1. From the list Leu89, Leu83, Leu98, pick out the single residue that is among the aliphatic types (A, V, I, L, M) and open to solvent by 40 Å² or more (accessible area, probe 1.4 Å).
2. Suppose we keep only residues that are within 7 Å of the ligand (Cβ to nearest atom) and of a type outside the set (A, V, I, L, M, F, W, C) within the range 348-362. Which one would you say is most open to solvent (accessible area, probe 1.4 Å)?
3. Pairs, please: C-beta under 9 Å, at least 6 apart or cross-chain, first residue in a helix (DSSP H, G or I) and in the range 399-422, second basic (Lys, Arg) and surrounded by 15 or more Cβ atoms within 10 Å (Cβ to Cβ)?
4. Examine the range 33-42 for a residue that is hydroxyl-bearing (Ser, Thr, Tyr) and surrounded by 14 or more Cβ atoms within 10 Å (Cβ to Cβ), and state whether such a residue exists.
5. Can you find a residue in the range 58-70 that is open to solvent by 30 Å² or more (accessible area, probe 1.4 Å), touching a strand residue (DSSP E or B) at 6+ places or on another chain (Cβ under 9 Å) and within 16 Å of the ligand (Cβ to nearest atom)?
6. Got at least one residue in the range 275-283 being of a type in the set (A, V, I, L, M, F, W, C) and closer than 23 Å to Thr399 by Cα?
7. Only one of these is at pLDDT 95 or above, assigned by TED's automatic domain parsing to the domain that holds Asp140, aliphatic (A, V, I, L, M) and closer than 16 Å to Leu234 by Cα: Ala167, Ala219. Name it.
8. Let me confirm something: among Glu272, Glu304, Glu264, which residue is within 15 Å of the ligand (Cβ to nearest atom) and out of contact with any strand residue (DSSP E or B) (no Cβ under 6 Å at 6 or more places or on another chain)?
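The values are calculated or read from the model by the stated rules, or taken from the named source; none is laboratory data. Owing to the predicted nature of the structure, the values given are computational and were not obtained by experimental measurement. As a convention, Cβ positions derive from the backbone with ideal geometry for all residues, glycine included, and neighbour counts pool all protein chains shown. What goes into the accessible areas is simple: the full protein's heavy atoms, side chains included, and nothing from ligands, DNA or RNA. Shrake-Rupley method; radii C 1.70, N 1.55, O 1.52, S 1.80 Å.
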Amino acid sequence: MKKILFACSEAHPLIKTGGLADVAGSLPRALAKLSQEIRIVLPNYQSLNKTEDVHFISTVRVDNQDANILETVLPNSNVKVWLVDCPTLFGTPGNPYLDESGNPWENIAYRFALFCRVVVEIAMNRAHLTWQPDVIHCNDWQTGLVPALLSIESNSPSTVFTIHNMAYQGMFPESTFSDIHLPPQLWNPNGVEFHNMLSFIKGGLSYSNRITTVSPTYALEIQLPEFGYGLEGLLSHKYSILSGIINGMDLNQWNPAEDKSISEPYDINTLEKKVINKTSLQARSSLPVNKSVPLFGLISRLVEQKGIDLLLDCLDEMVNMPLQLVLLGSGDKSVEQKLLEYARLYPKKISVTIGYDEALAHQIEAGVDIFLMPSRFEPCGLNQMYSQRYGTIPIVRETGGLADTIEDALPKSLSNNTATGISFKEANYGALLEAIKRAMLLYNDKKTWKKIQVSAMKKDFSWENSAKQYLALYEEI
Ligand code: ADP
């Protein structure tokens, strides 16, 4: 049994801005089910969605400030959550990274530096909690100073640092280093200095015992200039302690047999009912109701990472093909406008909803035949897993977690029943269009299509699987 302290800046359902919260809300539960003693630590933001009892357990003094530690649990679990309570820093409205007006917190470096200092006090058993972890599992740049500060302690616990997205690094001007009173010995190119800037993520990468990221392919990709954002050299130097563990997905929330948001639940044995969800989706999207036309879907943040520009480049040809397309997303305003314009010009082919709509996301996963995920990079990705569970065949670009979770429908995988999707390599519209045409050919071969759907629905994307791999890693260090 390991004692694990899981440090993060967000955890679902307490607070969520992105995928990190899903991992932090699920992995600790899965580790607790494997009989591990795990505690989550995160800041006590004002906007935290506290539904369980919260009580004071301790006060620690760091950097001439008092911080309280409050205790609660992750809802519907016995996983303890320690909240770092410092009202002058975290007691104001906004999200973990942005203030009420949507601007990055002016004192964001100080906020997370203080959080990291408190994590270090807990790690060193100096927070009056009479509990010392064997392993501190840190996540993303907001926790990067924890391994750095622990490096100057003696007899400190082991550290694992997980990168959820290399695009976010926590970079600040050199002056911030002294403004937030960091120990001078950390300022060097093998420490937290990055080209005369302070880099929080480098604290995690330089000083942790193990580095992980959220898929094996992304672990290789971040060692290349295209994906490493200048840290590829450091990451390839650290290759022997760097690995990828694919995220699990929430099997309860995304279960076609018990999904309350969809018209007609179905499972692997009642796959014929999936079409009822298709016709409902066509009707609600004001598309012609037609069981046999291939229906494509996409749900995404509309940002460059997601390769929406590739899809935009395909649309002129797609509107002349026998297919329909349902899109849900929000983000880049010019992309939103372009998509809406296509929907206006081709109302019988394309339906576009701009916004964030969880019920519609479920209806799209259940209703469409083919799901599009042409990402330029994708550390792990969730929708391609949801799609497979819903017997919806994903078209993905072969990158990061997409490459690791989809088995491309090629002659070999089709003959041995392992094909679960369609993938393409190059990030250009020609390659995407080719994949779309390939999907349509396969779709018209009903027997083969059903085989792919069944293989996809049988795949195991449970958190238990991933938690066992993390546990093996904790045991190794
Ligand atoms: P990322 O974390 O990079 O946005 P992921 O595929 O890992 O991408 O996770 C995205 C999650 O957000 C999925 O659960 C997806 O269904 C959901 N999502 C994204 N955009 C929307 C939207 N407009 N409406 C509803 N859900 C959305």
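1. Numbers: Leu89 fails: open to solvent by 40 Å² or more (accessible area, probe 1.4 Å); Leu83 fails: open to solvent by 40 Å² or more (accessible area, probe 1.4 Å).
Just one listed residue meets the conditions, Leu98.
2. Tyr356
3. Cβ pairs passing all conditions: Ala403/Arg397; Thr405/Lys459; Leu414/Lys451.
4. Taking the range 33-42 and keeping what is hydroxyl-bearing (Ser, Thr, Tyr), we get 35.
Okay, now just the ones that are also surrounded by 14 or more Cβ atoms within 10 Å (Cβ to Cβ), so none.
The answer is no, given that none of the residues of the range 33-42 is hydroxyl-bearing (Ser, Thr, Tyr) and surrounded by 14 or more Cβ atoms within 10 Å (Cβ to Cβ).
5. The first filter runs over the range 58-70 and keeps only residues open to solvent by 30 Å² or more (accessible area, probe 1.4 Å), leaving 59, 61, 63-66, 68.
Cutting the leftovers down to touching a strand residue (DSSP E or B) at 6+ places or on another chain (Cβ under 9 Å) gives us 59, 61, 66, 68.
In the following step, the residues that additionally are within 16 Å of the ligand (Cβ to nearest atom) were identified as none.
No, the range 58-70 has no match at all.
6. Start the filter on the range 275-283 by keeping residues that are of a type in the set (A, V, I, L, M, F, W, C), which leaves 275-276, 281, 283.
Okay, now just the ones that are also closer than 23 Å to Thr399 by Cα, so none.
Checked the range 275-283: no residue is of a type in the set (A, V, I, L, M, F, W, C) and closer than 23 Å to Thr399 by Cα.
7. On the way: Ala167 fails: at pLDDT 95 or above.
Answer to the selection: Ala219.
8. Details: Glu272 fails: within 15 Å of the ligand (Cβ to nearest atom); Glu264 fails: within 15 Å of the ligand (Cβ to nearest atom).
It is Glu304.
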